[in-house]
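The values are calculated or read from the model by the stated rules, or taken from the named source; none is laboratory data. None of the values given here were measured: they were computed from a predicted structure. Here the Cβ positions follow ideal geometry from the backbone for every residue, glycine too, while neighbour counts run over all protein chains shown. Only protein heavy atoms, including side chains, enter the accessible area calculation; ligands, DNA and RNA are left aside. Shrake-Rupley method; radii C 1.70, N 1.55, O 1.52, S 1.80 Å.
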Amino acid sequence: MSQNNKGFVPLTISEFDTLTNLLSKLLSTQESPVIIPGEAILGIEAIAAGISAPDRKILNIVTGPYGTIFGNWLARGGAEVIELKTSFDEVVTVDEVAAAIERYNPCALSFVQAEVVTGGSNPTREIMELARQSNIITVIDSVSAIGGEPVLMDEWGIDFVAVGAQKALSGPNGISAVGISPRGWEFLASNDNAPRNSILSLLDLKRSPNHVTSVRVPANIPVLEARALIEALKLIEEEGLEAVNRRHRLTTSAAIAGIKALGLEPWQRNKDSYSTLTTTVRIPQGGNFNIEQPIGIVAPGDGELHNKLLRINHFGAKANQQSVEEAIQTLAELVHQDPYHALAAQRLIWGNEDGK
């Protein structure tokens, strides 16, 4: 008796091209991004390994723990790393970046666009303009930002941008991408220290120039994750990327309104730097409402921020009114308050066109 084969079905060339094209649209670029066969941290490390060399001076802006990690990888590759670090309850200012560029004259700069650990978002467009004026290679970790706020690769002149699917895109975490500009590829190719024949080699993953369709699907692409990401990106396209950005913006504004109505303070000191992915809540001195495990989308601070803040992780499918209301109710219980006024405050936001 014969039986139909219902086993593994390889990823087709058509599916791979669909994935690449959807990612290009997501990044607002004419370039084909590199598909990374793993979680986004792999792509970020690959960028560091590819651009780092002893003769290169790189300005690394640190506004959270991932910036520190990236700087360590750059230093491991021999680069002279100039660290511009802020306290983690603030993001960098344009003036600070301008002063560092003038003082150190780096060949490249790097930073995290939106910090889910700290709830801060750096002034990306303005930093890009400074870099363009000084002809500096730009490296952005937009793993969390993508889908939550604009990432305009071609318009802003981004040379390297790492993106992940597991945050605002509501996709899988087993596959990711790195967008690379033509200038970025030249910067990689001119580095004799750039890895080859390695999982960290972006040069090995580069598609052939002037391609219309792929010649073959790379053997290391995780098939189930690739298909899941295609579906997630199609849903983003159906909703509209601007609408997805707006939904995240509204969610942050509602969360901020709710926590302030409870008498709590945002961890980020500047209201213009709030991330659209995560709202962070400062635990006041003497506060005894820290938690050790997540309660819904309310989570404790990571690492050195444990016992200093709580995070409301309202990204992706959780970027909606119901999720914010549940988070506000959780916080109200932790501080032993009636949530009525806080819930009313956040509800006012949802009818506001700009979420302000």
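Observations, loosely collected:
- Residue match in the stretch 195-209 (condition: in contact with a strand residue (DSSP E or B) (Cβ under 9 Å, 6 or more places away or on another chain), modelled with pLDDT of 95 or more, closer than 24 Å to residue 39 by Cα and aliphatic (A, V, I, L, M)): yes
- Residue check for residue 263: out of contact with any helix residue (DSSP H, G or I) (no Cβ under 7 Å at 6 or more places or on another chain), part of a loop (DSSP other than H, G, I, E, B) and either open to solvent by less than 50 Å² (accessible area, probe 1.4 Å) or among the hydrophobic types (A, V, I, L, M, F, W, C) (or both): no
- The stretch 251-260 - residue that is open to solvent by less than 10 Å² (accessible area, probe 1.4 Å) and hydrophobic (A, V, I, L, M, F, W, C) and, of those, farthest from residue 348 (Cα to Cα): 259
- Selected residue (criterion: farthest from residue 10 (Cα to Cα)) from residues of the stretch 215-241 that are open to solvent by less than 30 Å² (accessible area, probe 1.4 Å) and assigned to a helix (DSSP H, G or I): 236
- Screening the candidates 175, 158, 140, 136 for the property of being within 23 Å of residue 230 (Cβ to Cβ) and not aromatic (Phe, Trp, Tyr) yields one hit, 175.
- Inside the stretch 215-258, residues that are of a type in the set (Gly, Ala, Ser) and without any contact (Cβ under 8 Å) to a residue 24 or more places away in the chain make up a count of 3.
- Set 249, 269: member being of a type in the set (Lys, Arg) and under 16 Å from the mean Cα position of the chain (by Cα): 249
- Considering each residue of the stretch 315-325 in turn, none proves to be in contact with a strand residue (DSSP E or B) (Cβ under 6 Å, 6 or more places away or on another chain) and either on the phi < 0 side of the Ramachandran plot or of a type outside the set (Asp, Glu) (or both).
- Residue among 96, 80, 155 that is closer than 28 Å to residue 251 by Cα and either over 15 Å from the mean Cα position of the chain (by Cα) or in contact (Cβ under 8 Å) with a residue 60 or more places away in the chain (or both): 155
- Top-ranked residue of the stretch 266-298 - restricted to ones that are part of a loop (DSSP other than H, G, I, E, B) and of a type in the set (Phe, Trp, Tyr), ranked as surrounded by the fewest Cβ atoms within 10 Å (Cβ to Cβ): 289
- Scanning the stretch 289-313 for residues that are farther than 15 Å from residue 324 by Cα and polar (S, T, N, Q) yields 290, 293, 307.
- Residues that are open to solvent by less than 20 Å² (accessible area, probe 1.4 Å) and small (Gly, Ala, Ser) were ranked within the stretch 99-112; the one that is nearest to residue 142 (Cα to Cα) is 110.
- Positions within the stretch 341-356 being in contact with a helix residue (DSSP H, G or I) (Cβ under 9 Å, 6 or more places away or on another chain) and in a helix (DSSP H, G or I), in sequence order: 341, 342, 343, 344, 345, 346, 347, 348, 349, 350
- The number of residues in the stretch 18-76 being open to solvent by 30 Å² or more (accessible area, probe 1.4 Å) and of a type in the set (Phe, Trp, Tyr) comes to 2.
- The set of residues in the stretch 102-117 being in a strand (DSSP E or B), touching a residue at least 60 places away in the same chain (Cβ under 8 Å), within 19 Å of residue 305 (Cα to Cα) and aliphatic (A, V, I, L, M) consists of 114 alone.
- Residues satisfying the stated conditions in the stretch 111-152, i.e. more than 13 Å from the chain's Cα centre (by Cα) and within 18 Å of residue 186 (Cα to Cα): 131, 132, 134, 135, 136, 137, 138
- Scanning the stretch 79-98 for residues that are in a helix (DSSP H, G or I) and either surrounded by fewer than 18 Cβ atoms within 10 Å (Cβ to Cβ) or in contact with a Gly (Cβ under 7 Å, 6 or more places away or on another chain) (or both) gives 94, 95, 96, 98.
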